[in-house]
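Below: one structure, written as structure tokens.
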Amino acid sequence: MPPYTLALLPGDGIGRDVMIEAEKVLDVIESKSPLRFNRNVIPCGGKHYLETGEEWPQGSFEFCRDEADAILLGAIGWPNAMTDEGDLAGGQVILGLRSGLDLYANVRPIRLYEGVRHKIHGEFNQVWDSDSVDMVIIRENTEGLYHSLLRRSADKAQGRAPSEPEAIQFPGLEGEIAWDPRPISRVGSERVIRFAFNLAKRRNGAPADGATRVTCVDKSNVTRGCQLFRKIFHEIAEKNSEISVNSAYIDAFTMWLVRNPEEFDVVVTPNMFGDIATDLASVLQGGMGLAASANIGDTHAMFEPVHGSAPKYSGQNKTNPIAMISSVGMMLDWLGETKGDADCSQVANLLETAVAHTISNGNILTYDLGGSSGTTEVGDAICTHLTKLLKEHYAVA
Ligand code: IPM
Ligand code: MN
């Protein structure tokens, strides 16, 4: 296979710290497997905006669209970094790519590794056993309540004139009004719900009963958009009658998610609900330090930890790099599947094993998992184990 071209977008804060660990993992893979990468590190984000007046260098969107086989993002967000238009500086990067490359499925796996201790009550506890949490939340990623900002970010990333939706007048809605319409379309819903069903077919079912299940989470008792989303969910469910389905309103879902995580296999939900529910769900797997994600479209994909830029922790060698390293794993998995590259799939599996080993071993972990090691040490531990696994697999001395 020719080398894969990667766009590496460290972004802000701890995004930069964990990107260093991701690059270490890529170094190990290159030295011990047939995989090769052309890496293009693109400076970007809110801090970059404050320093240079631009969210990323001109041509970056086009590079991601036309040259990169995959995109890896650290995190976006820096204190007081707002564009002249009053939007999140760096939005062009994260939201411009999600919208501009039509990355409609935001895939957020929530799986509890063996040995992880929770901090649900403020103390470290073993609340669930590791086989009770294994679900994937699929968050719609290109419309819903993010529509206005996604559209402003995509317009900007691609150099188009901004196109604002108009506010409506209504008695009682007076004075200064800020307006975020929440469009949900048939096309946008169909593709992400189909994605959820197709993913469910490749998984092992819900931990509670082994049933392959897709759960629709919405607020269809209140909003028209969610009614459409739920209607389309049932249409697609009918065509996949071998898969068991259920549905929940987002408010009740947050309760069930915490109380009975073992009942969920694949969950599909509109954009903002997915944003909120996945931060909550990360606690089930040991916190944001472990939460990896993929933004997937039909032709492009971007991979990133779910956590933000956490400016106050940046540069302190504190952050857990596992969410980012597992995002690299998701990237290799996706490349393996879409390019038909068995080495990518194999290396993704070995990386997953190295992560699981480091966690269950328990000696080298960051503070969020009850350990006292730094970002670098955890990255090194994973790299050391990965090196061993790759050597065994490829029999390289
Ligand atoms: C996420 C983040 C982003 C979002 C922010 C940084 C715009 O919270 O990926 O979940 O809201 O989608
Ligand atoms: Mn979020």
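Of all residues in the stretch 178-202, those that are open to solvent by 60 Å² or more (accessible area, probe 1.4 Å) and modelled with pLDDT under 95 total 3. The residues of the stretch 284-312 that are surrounded by fewer than 23 Cβ atoms within 10 Å (Cβ to Cβ) and more than 15 Å from ligand 1 (Cβ to nearest atom), listed by number, are 297, 298, 299, 300, 312. Residue pairs whose Cβ atoms lie under 8 Å apart, separated by 6 or more positions or on different chains, with the first residue in the stretch 302-314 and on the phi > 0 side of the Ramachandran plot and the second in a strand (DSSP E or B) and within 13 Å of ligand 1 (Cβ to nearest atom), are 310/75. Here is the figure for the stretch 158-177: residues that are among the β-branched types (Val, Ile, Thr) and open to solvent by 70 Å² or more (accessible area, probe 1.4 Å) total 1.
Of the candidates 71, 120, 94, the single residue that is surrounded by 22 or more Cβ atoms within 10 Å (Cβ to Cβ) and either modelled with pLDDT under 95 or assigned to a helix (DSSP H, G or I) (or both) is 94.
Each residue in the stretch 364-397 was checked for being open to solvent by 30 Å² or more (accessible area, probe 1.4 Å) and not charged (D, E, K, R), and 12 of them qualify. Between 281, 291, the distinction of being within 16 Å of ligand 2 (Cβ to nearest atom) and within 26 Å of residue 79 (Cβ to Cβ) belongs to 291 only. Looking only at the stretch 257-277, count how many residues are within 16 Å of ligand 2 (Cβ to nearest atom) and among the aromatic types (Phe, Trp, Tyr). Number of matching residues: 1.
Taking the criterion of being of a type in the set (Gly, Ala, Ser) and assigned to a loop (DSSP other than H, G, I, E, B), would at least one residue in the stretch 52-63 satisfy it? There is at least one residue in the stretch 52-63 that is of a type in the set (Gly, Ala, Ser) and assigned to a loop (DSSP other than H, G, I, E, B).
Looking only at the stretch 226-280, which residues are among the β-branched types (Val, Ile, Thr) and not in a helix (DSSP H, G or I)?
Within the stretch 226-280, 243, 245, 266, 267, 268, 269 meet the criteria.
Of the candidates 353, 254, the single residue that is among the β-branched types (Val, Ile, Thr), surrounded by fewer than 19 Cβ atoms within 10 Å (Cβ to Cβ) and within 15 Å of ligand 2 (Cβ to nearest atom) is 254. Here the condition is being in a helix (DSSP H, G or I) and either open to solvent by 50 Å² or more (accessible area, probe 1.4 Å) or within 23 Å of residue 33 (Cα to Cα) (or both); of 329, 315, it holds for 329 alone. You will find that of 80, 38, the residue that is touching a Ser or Thr at 6+ places or on another chain (Cβ under 6 Å) and at pLDDT 95 or above is 38 and no other. Selection of first residues in the stretch 375-387 that are part of a helix (DSSP H, G or I) and modelled with pLDDT of 95 or more and of second residues that are among the acidic types (Asp, Glu) and open to solvent by less than 10 Å² (accessible area, probe 1.4 Å), restricted to Cβ pairs under 9 Å at least 6 apart or on distinct chains, gives the following pairs, ordered by first then second residue: 375/21; 376/21; 378/21; 379/21; 380/21; 382/21; 383/21.
Considering (1) over 30 Å from residue 240 (Cα atoms); (2) under 23 Å from the mean Cα position of the chain (by Cα); (3) of a type outside the set (Phe, Trp, Tyr), say which one residue 193 fails and leave the rest. Going through (1) over 30 Å from residue 240 (Cα atoms); (2) under 23 Å from the mean Cα position of the chain (by Cα); (3) of a type outside the set (Phe, Trp, Tyr) one by one, residue 193 breaks only (1).
Condition test on residue 275, is it within 16 Å of ligand 1 (Cβ to nearest atom) and either open to solvent by 10 Å² or more (accessible area, probe 1.4 Å) or over 14 Å from the mean Cα position of the chain (by Cα) (or both)?
Against the criterion (within 16 Å of ligand 1 (Cβ to nearest atom) and either open to solvent by 10 Å² or more (accessible area, probe 1.4 Å) or over 14 Å from the mean Cα position of the chain (by Cα) (or both)), residue 275 qualifies.
Please determine whether any residue of the stretch 234-247 is closer than 19 Å to residue 145 by Cβ, open to solvent by less than 30 Å² (accessible area, probe 1.4 Å) and away from ligand 1 (no atom under 16 Å from the Cβ). Within the stretch 234-247, none of the residues are closer than 19 Å to residue 145 by Cβ, open to solvent by less than 30 Å² (accessible area, probe 1.4 Å) and away from ligand 1 (no atom under 16 Å from the Cβ). Taking the conditions exactly as written (open to solvent by less than 50 Å² (accessible area, probe 1.4 Å), among the acidic types (Asp, Glu) and either assigned to a loop (DSSP other than H, G, I, E, B) or within 25 Å of residue 299 (Cα to Cα) (or both)), does residue 155 satisfy them or not? The answer is yes for residue 155.
The values are calculated or read from the model by the stated rules, or taken from the named source; none is laboratory data. Everything numeric here is computed off the predicted structure, so don't read it as measured data. Using ideal geometry, Cβ is built from the backbone for each residue, glycine included, and neighbour counts are taken over all protein chains shown. The accessibility values were calculated without ligands, DNA or RNA, using every heavy atom of the protein model including side chains. Shrake-Rupley method; radii C 1.70, N 1.55, O 1.52, S 1.80 Å.
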